[in-house]
Each structure stands twice: as C-alpha cells, then as structure tokens.
Amino acid sequence: MAEAQHSRARPKYLSAAAILFEIRLPLPGWVSILHRVSGLLLTGVCLWLALLLDRSLSSKHGFDAVAATLSSVPGRLALLIVFWAFIHHFLAGMRFLALDLGKGVDLRHARSSSAMVLALGLFCTAVIGWRLSV
Amino acid sequence: MNADASERALMHWVIQRATAAIIAMYTVFAAGMAVVATPIAYESWTALFSTATMKAATAIFALALAAHAAIGFHDVLRDYVHRPSARRVLLGAAYLLLAAFVVQMFTTLWS
C-alpha cells in the first residue's frame with residue numbers, strides 16, 4: 001500500500017479506547033484479532049521457551065531450576081497465558097483453514113465456529129490451569 | 001528471486017499453511033506426551049531428547065515455527081505499520097529474534 005496521502009486531514013476515530021470500548025467488534029472479529037495477538041505473544045516468548053528447554057536439558061540442577069521457575073506463581077501464570085495463546089492461535093488457525101476451504105463462510109456458521117473456538121480455548125486453558133494448580 | 005508480488009503472496013500463503021501443519025503434528029505429539037508422561041523426571045526428559053528422531057523432529061518444528069512466525073509478523077506489520085522504514089526495522093528485529101530462536105534450538109539439540 002502506498003504511503004497515505006494527506007491532502008486534507010481526515011477525521012479518524014480509532015483511539016484505543018474507541019476500539020476497545022465503543023466500536024463493537026463482532027465475535028468472528030474478536031477471534032481474528034486474538035489470533036493475531038496470540039501470534040505476537042508466542043513470537044515474543046519463543047526464545048525464552050527455547051532457553052528454558054536448554055536449561056532443563058543441561059543438567060539436573062538446570063532441570064530443577066526450570067521446574068522451580070515454572071512452579072512459582074508468576075511462572076504458572078506465564079505458562080497459563082502462553083498455553084492459552086497457543087491453543088487459541090491453533091484453534092482459530094484451524095478455523096481459518098476451514099474458511100480457506102470455503103467451509104463455514106456464511107454468517108451463522110462463522111458466528112458459531114467463532115464461539116466454539118473461544119469456548120474450547122478457554123475450556124482447555126481452564127483444564128491446564130487446574131492441572132497446574134494441583 | 002524473480003517472483004512478482006502475487007507469486008510471493010501465494011508462496012507466503014502456502015508456506016504459512018504448510019508450516020502450520022508441521023507445527024500441528026509436532027504439537028499433537030507433544031500434547032500426547034504431556035498427558036501420559038508428566039510429571040517427568042530428569043533422566044526420562046534427557047532420554048527423550050537424545051534420540052536422533054526426536055532431535056530431527058524438534059529441529060524441523062523449530063524451523064517451521066520460525067518461518068510461520070516470520071510470515072505472520074510480516075502480515076501484521078503490513079496491516080498496521082504504514083511507514084516503510086519503521087516496518088522494515090520492526091520486521092528486521094523480528095527476523096533477528098526468530099533466527100536467534102532457531103540457532104538456540106539447534107544448539108540445545110546438538111551440543
């Protein structure tokens with residue numbers, strides 16, 4: 001896309017507050033933007049996770065240290081968020097693949113599949129959260 | 001490459017889906033292991049990553065992840081960052097991060 005031409009300042013109503021609280025995003029829209037947000041989040045943590053893997057394999061001491069980090073309260077919280085991000089990204093991605101194949105493109109199915117992606121993602125995250133808290 | 005914009009776009013589209021499939025397969029395997037084999041002891045953990053098969057699969061997974069994330073990042077930046085110089089800088093930073101991720105994974109697996 002070419003750089004925006006500003007021959008006349010055009011009114012824009014896209015403040016963060018407007019996007020979050022005033023403009024109503026339909027459910028498929030939420031699934032889509034969360035797909036992007038989760039993707040960014042996962043990219044942000046991938047190196048950290050690789051370093052954790054390295055530490056856990058380096059020695060028994062490293063293994064215990066990683067286990068301790070992930071067992072701490074902030075560690076479990078971080079793990080939960082990463083798990084949610086991965087699960088949502090995965091499920092929303094599969095929904096996109098179905099849309100690529102032309103399945104579920106009509107409004108009714110687009111809305112129901114969006115609801116399913118969100119619900120299943122939260123459910124799986126809750127199960128993992130329960131297992132992490134035990 | 002001499003691919004024009006539409007050829008590049010199609011290539012991105014295909015690579016994004018193909019790498020997603022690779023990531024999905026590895027994830028299903030990892031999730032299965034998490035269900036049946038946790039909590040895991042240090043000895044079993046290192047044994048898991050000592051086989052050539054696991055190392056190769058994990059390496060392929062890491063490469064697929066990096067390619068998938070790079071294309072995704074490119075798409076996101078293209079949509080939200082409109083100044084080309086800023087976009088190039090952010091994209092370069094993402095590529096650097098993903099390259100570091102791949103190098104780190106390979107180092108972990110084979111050293």
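Quick one: would you say residue B:53 is surrounded by fewer than 16 Cβ atoms within 10 Å (Cβ to Cβ), over 21 Å from residue B:18 (Cα atoms) and polar (S, T, N, Q)?
No; evaluated as a whole, the condition is false for this residue.
Looking at (1) over 12 Å from the mean Cα position of the chain (by Cα); (2) under 22 Å from residue A:58 (Cβ atoms), which is the only condition residue B:28 fails?
Every listed condition holds for residue B:28 apart from (2).
For segment B:35-47, give me the residue count where each residue is surrounded by 13 or more Cβ atoms within 10 Å (Cβ to Cβ) and either more than 9 Å from chain A (Cβ to nearest Cβ) or of a type in the set (Ser, Thr, Tyr) (or both).
Qualifying residue count, segment B:35-47: 3.
Just one of A:40, A:27, A:118, A:57 is modelled with pLDDT under 95, surrounded by 12 or more Cβ atoms within 10 Å (Cβ to Cβ) and of a type outside the set (D, E, K, R); which is it?
Going through A:40, A:27, A:118, A:57 in turn, just one is modelled with pLDDT under 95, surrounded by 12 or more Cβ atoms within 10 Å (Cβ to Cβ) and of a type outside the set (D, E, K, R): A:27.
When only residues in segment B:62-82 that are within 11 Å of chain A (Cβ to nearest Cβ) and more than 15 Å from residue A:36 (Cβ to Cβ) count, which is modelled with the lowest pLDDT?
If we take residues in segment B:62-82 being within 11 Å of chain A (Cβ to nearest Cβ) and more than 15 Å from residue A:36 (Cβ to Cβ), then B:82 is modelled with the lowest pLDDT.
Of everything in segment A:45-71, what is more than 8 Å from chain B (Cβ to nearest Cβ), out of contact with any Lys or Arg (no Cβ under 6 Å at 6 or more places or on another chain) and either among the aliphatic types (A, V, I, L, M) or under 24 Å from residue B:74 (Cβ atoms) (or both)? Give them in sequence order.
A:45, A:48, A:49, A:52, A:65, A:67, A:68, A:70
The values are calculated or read from the model by the stated rules, or taken from the named source; none is laboratory data. The structure presented is a predicted model; accordingly, all values stated were derived computationally and were not measured. Because the Cβ atoms are built from the backbone with ideal geometry, glycine has one as well, and the counts that use them run over all protein chains shown.
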